[in-house]
Amino acid sequence: MPPADGDSMTSIKRFPGSVAGRSSAVAYDGLVFTVATADTYELDMRKQAAEALANLDTQLALAGTDKSRLLSCTVYITDMALKPQMNEVWDQWVDMANPPQRACIGAALEDGDLIEIVAVASTKE
């Protein structure tokens, strides 16, 4: 039985991820939900942060939006002592005229990842 508001699963757009069972982004009702990590596992927060943010730009573009439409970002990093390095790269990347709400959390991540960014953006409508 379809939901009472007439919505259906077809209105959800999923963008394939690099791993089976995961989407790189999901768009629904004017919002885009996505996640980004670095492509390489260099033990350098600045490099991984720059790569993750470049990948976030790519994910947002594929979903029809960009960083100026970010609403919220949660940044997970493996070592909070590296937060100043991450902030340095973030501040160069972020649209200062349209900054999202952002939280930074220390977390254990998969082998080699120093940073993972979970983001929500509005679509361009």
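The values are calculated or read from the model by the stated rules, or taken from the named source; none is laboratory data. Note that the structure is predicted; figures quoted are calculated from it, not measured. Reconstructed Cβ throughout: ideal geometry from the backbone, glycine too, with neighbour counts over all protein chains shown.
Annotations
- The set of residues in the range 27-40 being assigned to a loop (DSSP other than H, G, I, E, B) and of a type in the set (Val, Ile, Thr) consists of Thr40 alone.
- From Ser18, Ser24, residue being outside any loop (DSSP other than H, G, I, E, B) and either modelled with pLDDT under 95 or over 13 Å from the mean Cα position of the chain (by Cα) (or both): Ser24
- The residue of the range 27-37 that is farthest from Lys67 (Cα to Cα), among those that are of a type in the set (A, V, I, L, M, F, W, C) and more than 11 Å from the chain's Cα centre (by Cα), is Ala27.
- Yes/no for Lys83 being in contact with a helix residue (DSSP H, G or I) (Cβ under 9 Å, 6 or more places away or on another chain), surrounded by fewer than 19 Cβ atoms within 10 Å (Cβ to Cβ), basic (Lys, Arg) and without any contact (Cβ under 8 Å) to a residue 40 or more places away in the chain: yes
- Pair list, Cβ < 6 Å and 6+ apart or interchain, from the range 17-44 residues that are more than 11 Å from Thr123 (Cβ to Cβ) to residues that are small (Gly, Ala, Ser) and assigned to a strand (DSSP E or B): Gly17/Ser23; Gly17/Ser24; Thr34/Ala25; Thr34/Ala119
- Entry remark, the range 75-94: residues being touching a Leu at 6+ places or on another chain (Cβ under 8 Å) and among the polar types (S, T, N, Q) number 1 in total.
- Residue satisfying all of: in the range 94-117; surrounded by 16 or more Cβ atoms within 10 Å (Cβ to Cβ) and within 13 Å of the chain's Cα centre (by Cα); nearest to Met45 (Cα to Cα) among these: Ile115
- Close pairs (7 angstrom Cβ cut-off, 6 or more residues apart or separate chains): at positive phi and hydrophobic (A, V, I, L, M, F, W, C) in the range 47-64, surrounded by fewer than 22 Cβ atoms within 10 Å (Cβ to Cβ) and not in a helix (DSSP H, G or I) anywhere: none
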